[in-house]
1. Taking helices (runs of 4 or more DSSP H) that fall entirely within the range 257-354, which contain at least 1 residues that are more than 20 Å from the chain's Cα centre (by Cα), at pLDDT 95 or above and more than 24 Å from THR190 (Cα to Cα)?
2. Go through (1) more than 23 Å from SER166 (Cα to Cα); (2) of a type in the set (D, E, K, R); (3) surrounded by 22 or more Cβ atoms within 10 Å (Cβ to Cβ) and name the single condition ARG55 misses.
3. If I filter the range 336-354 for residues that are over 26 Å from LEU132 (Cα atoms), surrounded by fewer than 20 Cβ atoms within 10 Å (Cβ to Cβ) and in contact with a Pro (Cβ under 7 Å, 6 or more places away or on another chain), do I get at least one hit?
4. What are the residues in the range 83-93 that are surrounded by fewer than 23 Cβ atoms within 10 Å (Cβ to Cβ) and in contact with a Gly (Cβ under 7 Å, 6 or more places away or on another chain), if any?
5. Please tell me if ASP175 is assigned by TED's automatic domain parsing to the domain that holds SER26, crowded, with 24+ Cβ neighbours inside 10 Å, under 26 Å from ILE35 (Cβ atoms) and not aliphatic (A, V, I, L, M).
6. Can you name every residue in the range 224-242 that is farther than 12 Å from GLU30 by Cβ and not in a helix (DSSP H, G or I)?
Amino acid sequence: MNIIISGTGSYIPELTVTNEEFIKHSFYGEDGQPIKGDSARIIEKFKSITGIEERRYVNKNQTSSDIGTIAARKAIADAGIDKESLDGIILAHNFGNIPHGTVQSDILPSLATRVKFDLQIKNPNSVAFDILFGCPGWIQGVILARNYILAGEGKRFLVIGSETLSRALDPFDRDSMIYADGAAAAIIETTEIDDNSGILSVAAQTHASEEAYYLYFAESHNASFNRGVRYIKMHGRKIYEFALNNVPLAMKSCLDKSGINIQEIKKVFIHQANEKMDEAIIKRFYQLYDLPIPENIMPMSIHKLGNSSVATVPTLFDLVKKNQLENHHLNKGDVVLLASVGAGMNINAITYRV
């Protein structure tokens, strides 16, 4: 049985926020003390590490489910399917809907249910539910859809990754410059064409010892700002070290299960969290096979789009699939690897033949 990605769609928010727009910010450390040095130097160092020049935020009237619906419509149209034929809708996110000007997450009803409502899908057997799996959420949603299909519990699923991280940021935390908004979706379904295309292998892990709280929620680094309100926080150095030590091994495990030679891989789509971290991961991954990194193997969108969590991998895949990312293309029969790491700490990967 071939399980393929038959259609994709993404939504990149209209509002561009450049690094220069953070110049007037005052940044504080985890110790609650102002970070020494002017903002311009802090921002320049941030850019040299992450590669981020700008990021996208949603408009005031948009929520995660809104932009997830936009991406879903594009994926359904791209696949050329009847929306009523969907056996399920799986939506990955981390913070639900946070309307502009509020601080409370709204996940009642679930975001997947809201997308189903917005799409006006009447089929009650199209089951809609959310998953929380950190940044690897969309890939995990694809793995879940695959598992449903293999178990005989459906043939066609819509998997969405949608996030509005701009609504959960501490303006006094320099790490807040990493995060962005965005949504992307894909149709996962079976095909009768026996050409060895589709999902070849998967892998997923949860590391929940001390690393369980490398990403967490806490009050602002500035003790006088919005007490009682909590924001996304992370131990960046620990995450970097964790990812470098564990993600390449998980990627190798996934690839080895597929039986595909690493030299057949045409593209590696890695979660867009940090340019230097992704470069280090891909280097160590190829070192596991005693090989140099192939030229043009790893598409990157983080420079202009930032880190939109669950949306980064499917957005990147959609852009390359549709020839919208310079110097990166996919052809029928190409083998690619998709991988992500994030809160949990969770890691996952998929080997896929286009």
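1. 275-287
2. (1) is the only condition that ARG55 fails.
3. From the range 336-354, those over 26 Å from LEU132 (Cα atoms) are 353-354; that's our starting set.
Filter again for surrounded by fewer than 20 Cβ atoms within 10 Å (Cβ to Cβ), leaving 354.
Now restrict to residues that are in contact with a Pro (Cβ under 7 Å, 6 or more places away or on another chain): none.
No.
4. Initial filter on the range 83-93 (surrounded by fewer than 23 Cβ atoms within 10 Å (Cβ to Cβ)): 83-85, 87.
The answer is ASP87, and nothing else.
5. no
6. The answer is SER224, PHE225, ASN226, ARG227, GLY228, VAL229, ARG230, TYR231, ILE232.
For every residue, the table says whether it meets (1) at pLDDT 95 or above; (2) not aliphatic (A, V, I, L, M).
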{"residue": "TYR28", "(1), (2)": "no, yes"}
{"residue": "GLY32", "(1), (2)": "no, yes"}
{"residue": "LYS36", "(1), (2)": "no, yes"}
{"residue": "SER39", "(1), (2)": "no, yes"}
{"residue": "ILE43", "(1), (2)": "no, no"}
{"residue": "SER48", "(1), (2)": "no, yes"}
{"residue": "GLY51", "(1), (2)": "no, yes"}
{"residue": "ARG55", "(1), (2)": "yes, yes"}
{"residue": "SER64", "(1), (2)": "yes, yes"}
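The values are calculated or read from the model by the stated rules, or taken from the named source; none is laboratory data. None of these values were measured; they are calculated from a predicted model. Positions of Cβ are backbone-derived with ideal geometry, glycine not excepted, and every protein chain shown enters the neighbour counts.
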